[in-house]
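Student: Next up is a structure, given as structure tokens.
The values are calculated or read from the model by the stated rules, or taken from the named source; none is laboratory data. Keep in mind that this is a model prediction, so the values were computed, not measured. As a convention, Cβ positions derive from the backbone with ideal geometry for all residues, glycine included, and neighbour counts pool all protein chains shown. When the accessible area is computed, the model is the full protein with side chains, heavy atoms only, and any ligands, DNA or RNA have been set aside. Shrake-Rupley method; radii C 1.70, N 1.55, O 1.52, S 1.80 Å.
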Amino acid sequence: MTDENTSALLEALRDPAVLIDGRRRVMAANSLARDLFGGLVTGSDLAMSLRHPEVLDAVGAVLAGAPVAGAVIEQAVPVQQTFEMHVASLPSGVSDGARALCLLHDVTAAREVERMRANFVANVSHELRSPLSSLVGFIETLKGPARDDTQARERFLDIMDGEAKRMARLVDDLLSLSRVEAGEHIPPTGAVDISELLAEVMKSVAARAAERGMDITTDLGLDLPPVPGDRDELFEVFHNLLANAVKYGSGNAPVALEAKTLSRMPDVGGPGMAIAVTNQGEVIAPEHLPRLTERFYRIDKGRSRDMGGTGLGLAIVKHIVNHHRGRLSIESSAGRGNRFTVFLPLEERTVAPPRLS
């Protein structure tokens, strides 16, 4: 095979690929491999670019006669990546002097999915085990020492009721999350009157806000256009954000709800709508902000559970916003409060042209 044909074949591959000779020297590499390993130079020893003992052992095994071998490469810079490397022996005549082909397949996303799945199962098990253990303990107590203790029975039943409702909320949120994820790849096709929806959301949390002495102030643009989307899902998004703002905001401090149209959505482009919920709760440290939408991530686990949180609310919000091809922004600073902004795309025709003065 000519050098031109070899280069064309390597470039046609979708993974980084390197050809080496019997002395472990690089004979050829495609652009993906050269981009991945900046020091990859034709004629140099592979060890100059890939200083991974497992990789060199795999290459050595193939050059010694093994048909195939493999290794895993963890690369931390410029970003964390994981590659599975496959080294295969080449028959003579494929390319002059070439003895082995090294292919690197990026499995970063797959490994992350595996990690998230394992963490998810562990978290669900943990979240359910605690209330179940409490229920079992109280039932045993009521059947034994507290059988005839009326006061203890009433107190334990109240606690059991709370634990059972906590499990029910968790199961409901898990089902909501599963439902949204299942259809996330298909954008919604309905049209939602956002003004009417936000008014309904405010009514649903008004009683809780009144209990805490909190006013909900609004700044909603006039004649807000309909938003392409699923009404039930968007209600869940804004009910979650507004209920959280009331739940975790400072008592007697107002919660602000704002909505306005945009000629261009940040990072996405195209016309859109920004709907923001702001409270005056405790400032969220910067290291927590990117992780707030992770499943079961809590800044203060004890406080969240005591207040009835399942740790899934913002994860559901994120997936619903993704379903609507929008984005969620979270900001927190002293004096300005905690601000959760949902950006939703609009159809081109729904944004009125600017008025000429």
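Student: Evaluate segment 285-293: report whether one residue or more is hydrophobic (A, V, I, L, M, F, W, C) and either over 20 Å from the mean Cα position of the chain (by Cα) or under 20 Å from Val227 (Cβ atoms) (or both).
Tutor: No.
Student: Moving on to the next point. Which of (1) out of contact with any Lys or Arg (no Cβ under 6 Å at 6 or more places or on another chain); (2) modelled with pLDDT of 85 or more does Asn123 not meet, given it meets every other one?
Tutor: (2)
Student: Please identify the pairs in which a residue from segment 112-128 that is closer than 16 Å to Ser178 by Cβ has its Cβ atom under 8 Å from the Cβ atom of a residue that is open to solvent by less than 90 Å² (accessible area, probe 1.4 Å) and among the hydroxyl-bearing types (Ser, Thr, Tyr), counting only partners at least 6 apart or on another chain.
Tutor: Correct list of pairs: Glu127/Thr310.
Student: Would you check which residues across segment 134-156 are of a type in the set (A, V, I, L, M), touching a residue at least 12 places away in the same chain (Cβ under 8 Å) and open to solvent by 40 Å² or more (accessible area, probe 1.4 Å) and list them?
Tutor: Keep residues of segment 134-156 that are of a type in the set (A, V, I, L, M), which gives 135-136, 139, 142, 146, 152.
This time we only want the ones that are touching a residue at least 12 places away in the same chain (Cβ under 8 Å), so: 135, 139, 142.
If the condition is that a residue be of a type in the set (A, V, I, L, M), touching a residue at least 12 places away in the same chain (Cβ under 8 Å) and open to solvent by 40 Å² or more (accessible area, probe 1.4 Å), then Ile139 is the only one that fits.
Student: Given the options Arg129, Arg99, name the one that is in a helix (DSSP H, G or I) and of a type in the set (Lys, Arg). Full working, then the answer.
Tutor: Details: Arg99 fails: in a helix (DSSP H, G or I).
Only one candidate passes the filter, namely Arg129.
Student: A further question follows. Look through Ala209, Ala164, Ala199 and report the one residue that is touching a residue at least 24 places away in the same chain (Cβ under 8 Å), over 26 Å from Glu294 (Cα atoms) and of a type in the set (Gly, Ala, Ser).
Tutor: Values: Ala164 fails: over 26 Å from Glu294 (Cα atoms); Ala199 fails: touching a residue at least 24 places away in the same chain (Cβ under 8 Å).
Result of the check over Ala209, Ala164, Ala199: Ala209.
Student: In the list Glu181, Glu258, Glu196, Glu200, which residue meets the criterion of being part of a strand (DSSP E or B) and surrounded by fewer than 18 Cβ atoms within 10 Å (Cβ to Cβ)? Before you say what the answer is, go through the steps one by one.
Tutor: Values: Glu181 fails: part of a strand (DSSP E or B); Glu196 fails: part of a strand (DSSP E or B); Glu200 fails: part of a strand (DSSP E or B).
None of the other options fit; the residue is Glu258.
Student: Return the residue satisfying two criteria in turn: it lies in segment 54-76 and is more than 15 Å from Asp106 (Cβ to Cβ) and open to solvent by 50 Å² or more (accessible area, probe 1.4 Å), and of such residues it is nearest to the chain's Cα centre (by Cα).
Tutor: Glu54
Student: Give segment 70-99 a look and list any residue that's at pLDDT 85 or above, in contact with an Asp or Glu (Cβ under 9 Å, 6 or more places away or on another chain), small (Gly, Ala, Ser) and within 26 Å of Asn5 (Cβ to Cβ), or say none.
Tutor: Answer for segment 70-99, where residues must be at pLDDT 85 or above, in contact with an Asp or Glu (Cβ under 9 Å, 6 or more places away or on another chain), small (Gly, Ala, Ser) and within 26 Å of Asn5 (Cβ to Cβ): just Ala98.
Student: Also, quick follow-up: Could you list all residues from segment 1-53 that are part of a helix (DSSP H, G or I), open to solvent by less than 20 Å² (accessible area, probe 1.4 Å) and in contact (Cβ under 8 Å) with a residue 24 or more places away in the chain?
Tutor: Thr6, Ala33, Leu46
Student: Any idea which residue in segment 214-255 is most open to solvent (accessible area, probe 1.4 Å), counting only those that are polar (S, T, N, Q) and not in a strand (DSSP E or B)? Full working, then the answer.
Tutor: Our first condition is that a residue be polar (S, T, N, Q); within segment 214-255, this holds for 217-218, 240, 244, 250, 252.
Right, trim to not in a strand (DSSP E or B) and you get 240, 244, 250, 252.
Working: Asn240: 31, Asn244: 42, Ser250: 51, Asn252: 120 Å².
Here the answer is Asn252.
Student: Testing Ala182 on (1) under 17 Å from His324 (Cβ atoms); (2) out of contact with any Phe, Trp or Tyr (no Cβ under 8 Å at 6 or more places or on another chain); (3) modelled with pLDDT of 85 or more, one condition comes back false. Which one is that?
Tutor: Looking at each condition in turn, Ala182 falls short on (3).
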